[in-house]
1. How far is the Cα center of the range D:200-241 from the Cα center of the range B:185-261, in Å?
2. What are the label-to-label distances in nm, one decimal and shortest first, from D:Cys113 to the same spot in the other copies, with labels 7 Å along Cα to Cβ?
3. One decimal, nm, shortest first: give the distances between the label point of B:Glu137 and those of the same position in the other copies, each label point 7 Å from Cα along Cα→Cβ.
4. Using a 10 Å cut-off around each Cβ of peptide C:246-259, what is the average number of partner chain Cβ atoms that fall inside?
5. How many partner chain Cβ atoms sit within 10 Å of a residue's Cβ in peptide C:53-65, on average, as a whole number?
6. Once you order the gyration tensor axes a ≥ b ≥ c over the Cα atoms, which shape class does the range C:92-237 get: rounded for a/c under 1.5, otherwise prolate or oblate by comparing a/b with b/c?
7. Rounded if a/c is under 1.5, else prolate if a/b is larger than b/c, else oblate: which is the range B:1-60, with a ≥ b ≥ c the root eigenvalues of its Cα gyration tensor?
8. From the phi angles alone, apply the Karplus equation (6.51, -1.76, 1.60; θ = phi - 60°) to the range D:144-149 and give each ³J(HN,Hα) in whole Hz, x where the residue is Gly or Pro.
4 protein chains.
Amino acid sequence: MRLRASCFFKFEISEPTPFILMLRPRSGAHQWVEKEEYRIFPSIPVFEFTDSYGNLCQRLIANPGEFSIVTSSEVVTSNFIDEGFRAPFIEIQNLPDGVLSYLLPSRYCESDCFNDLAMSIGEGQYLGYNQVAAITEWLRNNIQYIPGSNNEPLSANQVRNKGFGVCRDLAHLGIALCRSLSIPARIVVGYLHGLNPMDMHAWFEAYIGNRWYTFDATQIGNPGGYVVLGFGRDAADVAVFNQFGPSVYPIEQNVQVEEIF
Amino acid sequence: MRLRASCFFKFEISEPTPFILMLRPRSGAHQWVEKEEYRIFPSIPVFEFTDSYGNLCQRLIANPGEFSIVTSSEVVTSNFIDEGFRAPFIEIQNLPDGVLSYLLPSRYCESDCFNDLAMSIGEGQYLGYNQVAAITEWLRNNIQYIPGSNNEPLSANQVRNKGFGVCRDLAHLGIALCRSLSIPARIVVGYLHGLNPMDMHAWFEAYIGNRWYTFDATQIGNPGGYVVLGFGRDAADVAVFNQFGPSVYPIEQNVQVEEIF
Amino acid sequence: MRLRASCFFKFEISEPTPFILMLRPRSGAHQWVEKEEYRIFPSIPVFEFTDSYGNLCQRLIANPGEFSIVTSSEVVTSNFIDEGFRAPFIEIQNLPDGVLSYLLPSRYCESDCFNDLAMSIGEGQYLGYNQVAAITEWLRNNIQYIPGSNNEPLSANQVRNKGFGVCRDLAHLGIALCRSLSIPARIVVGYLHGLNPMDMHAWFEAYIGNRWYTFDATQIGNPGGYVVLGFGRDAADVAVFNQFGPSVYPIEQNVQVEEIF
Amino acid sequence: MRLRASCFFKFEISEPTPFILMLRPRSGAHQWVEKEEYRIFPSIPVFEFTDSYGNLCQRLIANPGEFSIVTSSEVVTSNFIDEGFRAPFIEIQNLPDGVLSYLLPSRYCESDCFNDLAMSIGEGQYLGYNQVAAITEWLRNNIQYIPGSNNEPLSANQVRNKGFGVCRDLAHLGIALCRSLSIPARIVVGYLHGLNPMDMHAWFEAYIGNRWYTFDATQIGNPGGYVVLGFGRDAADVAVFNQFGPSVYPIEQNVQVEEIF
């Protein structure tokens, strides 16, 4: 399917403020960017670089006053996410070097704390895809998805204790559970067609059967329509905007995803 | 200045043909991509990756029949290229690690063969920028720039012997001369506003005074208006399309660059 | 100074166990490895790769039975660590791209939670080196360094609450405090000459004045004698051995560092 | 087999001379470095970095006077190189991204000039390993291997015209022939046990059947005993020493490889 994903953020800045943005989608095996627009108002110098995960990041210093970011992309992406029933667990020794770091605990995914829970959820499952599918199902049944319930990311431990969270929070717990079963897992941020309420979205991927599979505990069934902005170990790596100095929040923001033909 | 740079290529394909394209500009310190479009007809799977120089490359298999590529970008770039009068030569030991490979000879830049010529051209010059400016001036005076004169890249040795060449050929000789003075140099391919006749363009950069400076022996003065598609050691690294199997040439092509406001 | 740093680990393995080791020092600006030895008993296939931080890592599957690792290195390193009194804070916008990720919170360094403490410790200090020196001094005075007190890494929050920890734990708190002042900071693991009791060691580095400086709250004065095995965001990245499956601990281990002439 | 590979180079330096060395073997899937020694006399600062091929390189400035390098490594390597009879040609579209650059022509491998010869040599062969085996056999029969016959590298075109060359020259022609059949190929430098006369050695690898295979037209049969120092596109990338400024040649040198038990 072909989607147009757009976002608009307006900030009121009081002192020169460094930003690092992650708002430009990249083409890859998962999506093809046909058209793309990225504008900053007022126009100021922006420097783009690639981070260690391969994401395109934009650096700039916003000056005092109003500051807006407008992006829009037309992306070809799958109608359905791939299911991989019985895609096998990959033994540690057979994982590609670059995937190994997704086994380690990270800021919001304390995977070292979830052995027992992960074992009990995955019990009796065929090792690999089916374990992660069971984790995702467990999240759907045990952690309430409440959009807008938290502004700051919750760690997997916090999500488990609270019993609810935003998309990012559910992803953190899913990732922590996968890693504690020695399944590499990473967070993905981007857009999802049909998300309700519409907003930026986060989900996770697990490395099984020699590829990454998509999982999203906030959705039912396996609809597609995902547009990826960035990959990382958890939300600390993939903030769509990271700002330094006194906190600044958008005074206006808008996210839209529509199918185009 | 803000430029819209567009290209169109149409091929007639007789058997399934792998292509590697380098037609998506990246944002960086040198330019900011505000808008961009990249379409393939008929629509087929395309996979994008980053090569070891940081260029975005697109892989695909073109099927038999007509096959077209249409790209268009709106890019903010400098009105004038920076001049660096007396920007100093950087001693080898002070060059960043990643710059060192641009000192080595490469397919079309046999820098190991140009010591005497480079020494004589650069003689008496302040080491660094002024040497490269002298090389560029020497190219303007000694190698005739004849657009369309060669289809296949010429190496620096061949250019010197022939005495003429296309933009890419002059760049090869300029790069070889820089490297033989231990100045890192690389080719750049992309677009140039006002190029006559309009086409894809190639020029070179030299690393002096702790940054890359642009040089273009095909132009007089230091006009700006450059849009970069890729960097590399020479034309072997930065073909805007690289195709494997029986040779295929565009049956139609069109390149346009216009200023927008 | 020239040091010989050696380690010996013996494990009793009950089932085939994947290991990732980080026990081979690399030469760099900070140290030069003159001689080095790395043996596994019994001899089994080992594959080495470089992680995303540039560390050399060794992968292997240990078979059931006894399994030992013996390494020894002769390394030239500084007699004293560099002090950088008044080395300035680097504004975010001037940090190299590759350093930015060391500003983010990580598994054991919840830098998002330490703004107030970091501000109060660094208050009145010249921005940059002097702030980090104040943080290090604060750690010396407020967190008791008790070798062997914890087996598992503590996060910065946990260290602060407990009031004591091992070298790694103090480093985590130091890193979190630096990052909350927008100073990039990373953990370092390796050896320290004269450490008492002798063991593997961990300390931290902060990026100030356009370079990394070493800080170690467990030591007084600025003695040198450090041999680096790896860099990372925190202990999750730089385990000298990381083992998957049922936990395995060394049944014998020995670390030695001696000066050689 | 376990080999001890050693080299010794002594230079007489007349002015401060930057060197880049590639004399430290890395462990990988192909070899395991058990012990290693790398000394410079007189002792001066050396900085090690990893180049874009993953090779460990050492940078230093040699001061006027005598300057020596002594290295020695104990390496576990295969007794025989793998043969891959009928290992298949990998279609361009299925090659890993990182392998693609080994299809391009390079300084000493003008693969764009060898289509006809490569086609005639490979004619009738099963595509892949068997083609490269035929190329290697063709080299053995048509290009005389004369150790010491050239000091400077010859390009594939030059080797073909001369009809003889050193190990490096044969490798260049082999690589050019492979690439012109769309088979990725790279040069390897290092040591070979039993080489006669003993010296540094060069050979090549081709990417077939989803892995790299070793080929060496200077040897008969497929003996093993190879110790790798570096990989690259051709000799321009993998000089074991690269020196800048007025040419300097070793006044003494010695290479030894012996089996140890």
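1. 35 Å
2. Its label point is 0.9, 6.6, 6.6 nm from the equivalent points in the other copies.
3. List, nearest first: 5.7, 6.1, 7.8 nm.
4. 0
5. Shielding by partners across C:53-65 averages 2.
6. Here the range C:92-237 falls in the rounded category.
7. Numbers: a/c = 2.68, a/b = 1.58, b/c = 1.70.
Here the range B:1-60 falls in the oblate category.
8. 3J(HN,Hα) across the range D:144-149, in whole Hz: 6, 8, 10, x, x, 6.
The values are calculated or read from the model by the stated rules, or taken from the named source; none is laboratory data. Owing to the predicted nature of the structure, the values given are computational and were not obtained by experimental measurement. Methodologically, a virtual Cβ is constructed for each residue, glycine included, from the backbone with ideal geometry; neighbour enumeration extends over all protein chains shown. Side chains included, ligands, DNA and RNA excluded: accessible areas come from the protein's heavy atoms. Shrake-Rupley method; radii C 1.70, N 1.55, O 1.52, S 1.80 Å.
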